[in-house]
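One structure below.
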Amino acid sequence: MTTQAGIEVDGLRKRFGATQALDGMSFTVRPGRVTGFVGPNGAGKSTTMRVVLGLDAPDAGRALVGGRPYRALAEPLCRLGSLLDAGALQPSRSARNHLLWLAHTQGLPAPRVDQVLVRVGLAEVARRRAGGFSLGMRQRLGIAAALLGDPPALMLDEPFNGLDPEGIRWIRALLASLAADGRAVLVSTHLMSELEGVADHLVVVGRGRVVADTGVRELLAGVAGGRVTLRTAAPLAAVEVLAPAGATVQPTGPETLTVTGLPGEAIVARLMEAGVPFAELAAHRANLEEAYLELTRDAVQYRGSVEQEVER
Ligand SMILES: Nc1ncnc2c1ncn2[C@@H]1O[C@H](COP(=O)(O)OP(=O)(O)OP(=O)(O)O)[C@@H](O)[C@H]1O
């Protein structure tokens, strides 16, 4: 694997007729982590990936793989593995023959085919016609093709599509292990929940540009923001004790309060000092979906304006 393994997208612009599909898209996919590429349908994710692969020419900007344009790479499959459309295969060919053909066109050794078939869990069905494969099996075959050249960078467009929960768990584990190998992994999805527990970094996009570019740990820490749910028979007394200590307290039920701005330990200490009884105290850990909603709150405004345009 090369050291310059990442993918760089810099100021991409692309218009299709009246649609500005990419409007200054810029981000970097670094080695050793899974970068989630997230945004609603039509945000420009697939177009970005097509530009990286040289399948669409940008109106402006550039995309580099390991420091070079994809089309300038001597052994592209050994530099960047990609899954764009899992349906794109010759249905009468067996999975193994599909990969053998691909390996042959790229000058890759045949034994590599059997290695990747094992890695994606298709070894037992390798000689069956790919045309009879379920969508999940096709996704696995597409990933096998992406892994064929043992590339330091991978780019997968909606790899969770059509997978059952077991398939989703499997892809998450695979992505994590590919990043642990030191590879740069970019995974697009329009469903944030699919990236739960696997993405290290997020590039959130909307309307052809990056809305947020952030580490997942920082994002979750910021959103969790020390929100604590408190159950107490004396809510008024609790407010009187906690508010002067700097907490923001909101009633969420007859005997429940949501407390922000004060860590759980400090809340316990204050309540006990003041002799305020409480039955339950739960620190809330944000999930990725909530963090995403908070990040994209501004997009609600955008959605509103789109609806108005449609109504007009
Ligand atoms: N070949 C094309 N011709 C015309 N418009 C296109 C073409 N490709 C993409 N677009 C438009 O560009 C915008 C961005 O599309 P793109 O497929 O990149 O978004 P996306 O984020 O990948 O969404 P999805 O998850 O729906 O694929 C959309 O409005 C889409 O309709």
Which residues, counting only those in region 117-145, are within 21 Å of K45 (Cα to Cα) and in contact with a Pro (Cβ under 9 Å, 6 or more places away or on another chain)? Q139, G142, I143
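Kindly establish whether T47 is among the β-branched types (V, I, T), in the same structural domain as D181 (by TED's automatic domain parsing) and surrounded by 17 or more Cβ atoms within 10 Å (Cβ to Cβ).
On the way: among the β-branched types (V, I, T): yes; in the same structural domain as D181 (by TED's automatic domain parsing): yes; surrounded by 17 or more Cβ atoms within 10 Å (Cβ to Cβ): yes.
Considered against the rule, which asks whether it is among the β-branched types (V, I, T), in the same structural domain as D181 (by TED's automatic domain parsing) and surrounded by 17 or more Cβ atoms within 10 Å (Cβ to Cβ), T47 comes out as yes.
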What's the total number of residues in region 59-71 that are surrounded by fewer than 17 Cβ atoms within 10 Å (Cβ to Cβ) and within 14 Å of the ligand (Cβ to nearest atom)? 1
Could you please let me know if D56 is within 12 Å of the ligand (Cβ to nearest atom) and part of a loop (DSSP other than H, G, I, E, B)? yes
Of the residues in region 24-41, those that are farther than 19 Å from T189 by Cα and either part of a strand (DSSP E or B) or free of Cβ contacts under 8 Å to residues at least 12 places away in the same chain (or both) number 1
Looking at E8, is it over 27 Å from Y292 (Cα atoms) and away from the ligand (no atom under 13 Å from the Cβ)? no
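With the structure loaded, tell me whether A21 is in a loop (DSSP other than H, G, I, E, B) and within 12 Å of the ligand (Cβ to nearest atom) or whether it fails that test. So that I can check it myself, show each step before the final result.
Numbers: in a loop (DSSP other than H, G, I, E, B): no; within 12 Å of the ligand (Cβ to nearest atom): yes.
Considered against the rule, which asks whether it is in a loop (DSSP other than H, G, I, E, B) and within 12 Å of the ligand (Cβ to nearest atom), A21 comes out as no.
Listed residues V211, V216, V198, V205; which is surrounded by fewer than 20 Cβ atoms within 10 Å (Cβ to Cβ) and touching a residue at least 60 places away in the same chain (Cβ under 8 Å)?
On the way: V216 fails: surrounded by fewer than 20 Cβ atoms within 10 Å (Cβ to Cβ); V198 fails: surrounded by fewer than 20 Cβ atoms within 10 Å (Cβ to Cβ); V205 fails: surrounded by fewer than 20 Cβ atoms within 10 Å (Cβ to Cβ).
Only one candidate passes the filter, namely V211.
Mind counting the residues in region 236-288 that are without any contact (Cβ under 8 Å) to a residue 60 or more places away in the chain, under 29 Å from E218 (Cα atoms) and among the small types (G, A, S)? Don't jump to the end; show me each part of the working.
We begin by selecting, within region 236-288, every residue without any contact (Cβ under 8 Å) to a residue 60 or more places away in the chain; these are 236-283.
Checking the rest, the ones that are also under 29 Å from E218 (Cα atoms) come to 242-252, 256-270, 280-283.
Then drop every residue that is not among the small types (G, A, S), which leaves 243, 245-247, 261, 264, 266, 269, 282-283.
Count: 10.
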Restrict the check to region 31-50 and report whether at least one residue is more than 9 Å from the ligand (Cβ to nearest atom), more than 27 Å from L288 (Cα to Cα) and not small (G, A, S). no
Return a yes/no flag: does region 205-217 have any residue that is in the same structural domain as R15 (by TED's automatic domain parsing), in contact with a strand residue (DSSP E or B) (Cβ under 7 Å, 6 or more places away or on another chain), within 16 Å of the ligand (Cβ to nearest atom) and among the basic types (K, R). yes
With respect to R119, determine if the residue is surrounded by 12 or more Cβ atoms within 10 Å (Cβ to Cβ) and under 17 Å from P159 (Cα atoms). yes
Checked G66, G44 against criteria (touching a residue at least 40 places away in the same chain (Cβ under 8 Å) and touching a Ser or Thr at 6+ places or on another chain (Cβ under 6 Å)); the one match is G66
Out of A95, A74, I need the residue that is modelled with pLDDT under 90, crowded, with 17+ Cβ neighbours inside 10 Å and of a type outside the set (F, W, Y). Which one? A95
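The values are calculated or read from the model by the stated rules, or taken from the named source; none is laboratory data. Owing to the predicted nature of the structure, the values given are computational and were not obtained by experimental measurement. Because the Cβ atoms are built from the backbone with ideal geometry, glycine has one as well, and the counts that use them run over all protein chains shown.
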